[in-house]
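Visitor: Below you will find the structure I want to go over with you.
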Amino acid sequence: MPAPLRIGLAGLGTVGIGVVKIVQRHADLIAARAGRPVVITAVSARDPQKNRDADLSDYPWETDPVALAQRDDVDVFVEVMGGHEGPARLATEAAIAAGKDVVTANKALLAHYGHELAVAAEAQGRVIRFEAAVAGGIPVIKTLTEGLAGNQMRRVMGVMNGTCNYILTRMQAAGLPYETVFEEARQLGYLEADPNLDVGGIDAGHKLSLLAAIAFGTRVSFDKVELEGIGNVSIEDINLADDMGYHIKLLGVAQMTGRGLEQRMTPCLVPADSPLGQLQGGTNMVVLEGDSVGQIVMRGAGAGEGPTASAVMADVIDIARGTRLSTFGRPAASLMEPVAARSATPAPYYLRMTLLDKPGALAKIATALGEAGISIDQMRQLNQPNEADNKATVLIVTHKASPADVAYALAQFDTTGVLIGAPVAIRIEEV
């Protein structure tokens, strides 16, 4: 039997303990599939005395993850600490400098520093693998870099944050407002310590930027992702969308156009009977579209001990087998700096607004849309005008329109003198 592949494991939270359990539980299975044993030779975490749900007594302990990364008895540095600065970044850089391969679940680190880390690793003849950083247990990185390597990718999209999907589907199922379900998610432990990483779309934006880099051969450009979270999604819009046959999702979309790379992570309406529309709870879904293969839909657990540790071990086993791939599917030196393009792809839009109940009010709105070059597919008044408050709510679904034309129309609404409050505009994505 060849010599074991030796792991240095930095981080003993949920994912790290999941890795320990898989290595211990499936040692013979892993050795058979990898062609050599895989063993943990040392671990690192902040508190050696903390009670953890695994037997760690056989592993040497390093309180400093940089020291772990530099140990002579470590072949692969497995980083599951999280955070894009501080110990995670320093230890990953130290591992690469010491000639180690790296497996990480840290999407924030790669979204901010992925290109420079890839350049450094490839200069050393080392690999960085990060299946666990995107969509948990769904093997989307391997699918893009290997299974679909013969395709020109057209579009990558998906629901990539289980907490947001839980909140939106829970609001819909229970008829509860955002604030109530947000607090429920907090009590259940679904939210990050900084909740805006989840509900602000940042976590999902990190993942989208990594997929876009692989799919389109560009450097990671998280700073160019259009981000809008779910905090402004109301139960009223969820119910109205449902009534029209749509569900609201925090949807990531990346595509290369003639103007440059579009990357957006925003709330969208999707058909309720589509795979994305039917996605419930904390599950993730990624949709890949290639010129030869067409559309591939991948669904599964996007987080959690087992699914994320499973993805970590898939990368470790590939390294044990001798599989060597460039970090983003092609040499880092060949990755181009993307030209960032604001979304301009036309799509239908859902518009909801409250108008003064007076003659000609709706006509002024229709005229503003017409002047913007936008035609109306559906229009309905959602309630009878209330004489007491002298206002009425109107719902409009447009035919396909560019985001710029929609923005122009919304600006024109403000000049009509009939609008009460800010209108709601949500893109309807074709999936």
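Visitor: Order the following by accessible area, largest value first: ASP318, ASP58. Probe radius 1.4 Å; ligands, DNA and RNA are ignored. Walk me through the intermediate numbers first.
Guide: On the way: ASP318 10, ASP58 130 Å².
Putting ASP318, ASP58 in descending order of accessible area: ASP58, ASP318.
Visitor: For LYS364, give me every one of the aspartates and glutamates with a C-alpha distance below 13 angstrom, ignoring sequence neighbours fewer than eight places off in its own chain.
Guide: Result set, ordered by chain and number: ASP414.
Visitor: Right, here's the next one. If amide H atoms are built 1.01 Å from N in the plane of the peptide, which residues on other chains or at least 5 residues away come under 5 Å of the amide H of ASP75?
Guide: ARG6, ILE7, GLY8
Visitor: Could you work out, for the stretch 12-156, what percent of all Cα-Cα pairs fall into each 5 Å distance bin, beginning at 0 Å and stopping at the bin that holds the largest distance?
Guide: So the P(r) values, bin by bin, are 2, 9, 16, 21, 21, 16, 9, 4, 1, 1, 0.
Visitor: Can you list which of the GluC sites (Glu not before Pro) found in the stretch 1-102 are DSSP loop residues with at most 14 other C-beta atoms within 10 Å?
Guide: Listed in order of number, the matching sites are GLU85.
Visitor: A further question on this structure: Rank LEU188, LEU9 by accessible area, highest first, at a 1.4 Å probe radius?
Guide: Per-residue accessible area, sorted high to low, gives LEU188, LEU9.
Visitor: Which percent, nearest 5, of DSSP beta bridges in the chain are antiparallel?
Guide: On the way: 49 of 73 bridges.
Once the DSSP bridges in the chain are tallied, antiparallel ones form about 65 percent.
Visitor: I've got another one for you. Using only the alpha-carbon atoms of the stretch 64-120 as identical scatterers, what base-10 log of I(q)/I(0) does the Debye formula give at q = 0.14, 0.15, 0.30 Å⁻¹?
Guide: -0.30, -0.34, -1.37
Visitor: Could you tell me which of SER375, ILE319, THR393 has its Cα farthest along the dipole of the chain towards the positive end, charges placed at Cβ (Lys, Arg +1; Asp, Glu -1), taken about the Cα centre?
Guide: Toward the positive end, the furthest listed residue is ILE319.
Visitor: Something else about it: Taking Cα atoms, how many degrees apart are the long axis of helix 87-97 and the longest axis of the chain, rounded to 10 and kept between 0 and 90?
Guide: 50 degrees
Visitor: So what's the Cα pair-distance distribution over the stretch 250-316, bin width 10 Å, in %?
Guide: 15, 39, 35, 10, 0
Visitor: Just the accessible area per residue of the chain, please: how many Å² with a 1.4 Å probe?
Guide: 41 Å²
Visitor: Averaging sequence separations of C-alpha pairs under 8 Å and six or more residues apart, then dividing by the length of the chain, give the relative contact order as a whole percent.
Guide: Values: 913 pairs, mean separation 70.1, N = 431.
After rounding, I find 16 percent.
Visitor: Also: Do me a favour and compute the ellipsoid semi-axes for the stretch 97-256 from its Cα gyration tensor, root of five times each eigenvalue, largest one first, whole Å.
Guide: Equivalent ellipsoid of the stretch 97-256: 33, 18, 12 Å, largest first.
Visitor: Please determine, in degrees from 0 to 90 and to the nearest 10, the orientation of helix 178-187 with respect to the longest principal axis defined by the Cα atoms of the chain, where the helix direction is its Cα long axis.
Guide: Roughly 20 degrees between the two axes.
Visitor: In the stretch 208-302, which trypsin sites (Lys or Arg not before Pro) are in a loop and have at most 14 other Cβ atoms within 10 Å, using DSSP for the loop call? Don't skip to the answer; put the middle values down first.
Guide: Values: sites: ARG219, LYS224, LYS249, ARG259, ARG264, ARG299; in loops: ARG219, ARG259.
Answer in residue order: ARG259.
Visitor: Given R₀ = 51 Å, what would the calculated FRET efficiency be for ALA149 paired with SER375, taking r from the Cβ atoms and rounding to 0.05?
Guide: Computed FRET efficiency for ALA149 and SER375 comes out at 0.75.
Visitor: Sticking with this structure for a sec: Excluding residues fewer than 8 places away in the same chain, name every one of the aspartates and glutamates whose C-alpha is closer than 13 Å to that of LYS100.
Guide: Qualifying aspartates and glutamates at Cα under 13 Å: ASP72, ASP73, ASP75, GLU79, GLU122.
Visitor: Now, a different point. If one takes the longest principal axis of the Cα atoms in the chain, at what angle in degrees, from 0 to 90 and to the nearest 10, does the Cα axis of helix 162-174 lie?
Guide: Value to nearest ten degrees: 40.
Visitor: Continuing with the same structure: Based on Cβ point charges of +1 for Lys and Arg and -1 for Asp and Glu, what charge dipole magnitude is obtained for the chain about its Cα centre, in debye rounded to the nearest 20?
Guide: In debye, rounded to 20, the chain gives about 840.
Visitor: So if R0 is 25 Å, what FRET efficiency would ASP58 and ALA32 give, r being the distance between their Cβ atoms, rounded to the nearest 0.05? Before the final figure, lay out each step's value.
Guide: Working: r = 22 Å, r/R0 = 0.88.
Calculated value: 0.70.
Visitor: Please give the length that would be gained between ASP73 and MET1 if that part of the chain were fully extended, namely 0.36 nm times their separation in residues minus their C-alpha to C-alpha distance (nm, one decimal).
Guide: 24.1 nm
Visitor: With the contact rule set at Cα under 8 Å and sequence spacing of 6 or more, what percent relative contact order holds for the stretch 1-120?
Guide: Dividing the mean separation by the residue count of the stretch 1-120 yields 27 percent.
Visitor: If packing is taken as the average count of other Cβ atoms within 10 Å, what order do 94-107, 204-217, 355-368 fall into, highest mean first? Working shown, then result.
Guide: Working: 94-107: 23.1, 204-217: 26.1, 355-368: 16.3.
Going by the mean number of other Cβ atoms within 10 Å, highest first, we get 204-217, 94-107, 355-368.
Visitor: About its Cα centre, what dipole magnitude does the stretch 46-175 give when the only charges are +1 on Lys and Arg Cβ and -1 on Asp and Glu Cβ, stated in debye to the nearest 20?
Guide: Its charge dipole is roughly 780 debye.
Visitor: Right, another one. Give the residue list of trypsin sites (Lys or Arg not before Pro) in the stretch 300-360 that are DSSP loop and have at most 14 other beta-carbon atoms within 10 angstrom.
Guide: ARG324, ARG342
Visitor: Would the stretch 136-217 count as rounded, prolate or oblate if I go by the C-alpha gyration tensor, calling it rounded below 1.5 in a/c and otherwise prolate when a/b exceeds b/c, oblate otherwise?
Guide: The shape class here is prolate.
Visitor: Would you work out which of GLY277, VAL418, ILE365 lies farthest towards the positive end of the dipole of the chain? Charges go on Cβ: Lys and Arg +1, Asp and Glu -1.
Guide: My answer, from the dipole projection, is GLY277.
Visitor: Can you give the direction-averaged projected area of the convex hull of the alpha-carbon atoms in the chain, in nm²?
Guide: Average projection, Cα convex hull of the chain: 22.4 nm².
Visitor: Label the stretch 178-266 by shape, choosing from rounded, prolate and oblate, from the square roots a ≥ b ≥ c of the eigenvalues of the Cα gyration tensor; if a/c is under 1.5 it is rounded, and otherwise prolate applies when a/b is larger than b/c, oblate when it is not. Could you put the intermediate results ahead of the total?
Guide: Values: a/c = 3.11, a/b = 1.50, b/c = 2.07.
Oblate, since a/c reaches 1.5 and b/c is not below a/b.
Visitor: Give the relative contact order (percent, whole number) for the stretch 70-141; include only Cα pairs under 8 Å separated by 6+ residues.
Guide: Relative contact order, the stretch 70-141: 30 percent.
The values are calculated or read from the model by the stated rules, or taken from the named source; none is laboratory data. If you're wondering where the values come from, they're calculated on a predicted model, not measured in any experiment. Positions of Cβ are backbone-derived with ideal geometry, glycine not excepted, and every protein chain shown enters the neighbour counts. Keep in mind that these areas ignore ligands, DNA and RNA; they rest on the heavy atoms of the full protein, side chains included. Shrake-Rupley method; radii C 1.70, N 1.55, O 1.52, S 1.80 Å.
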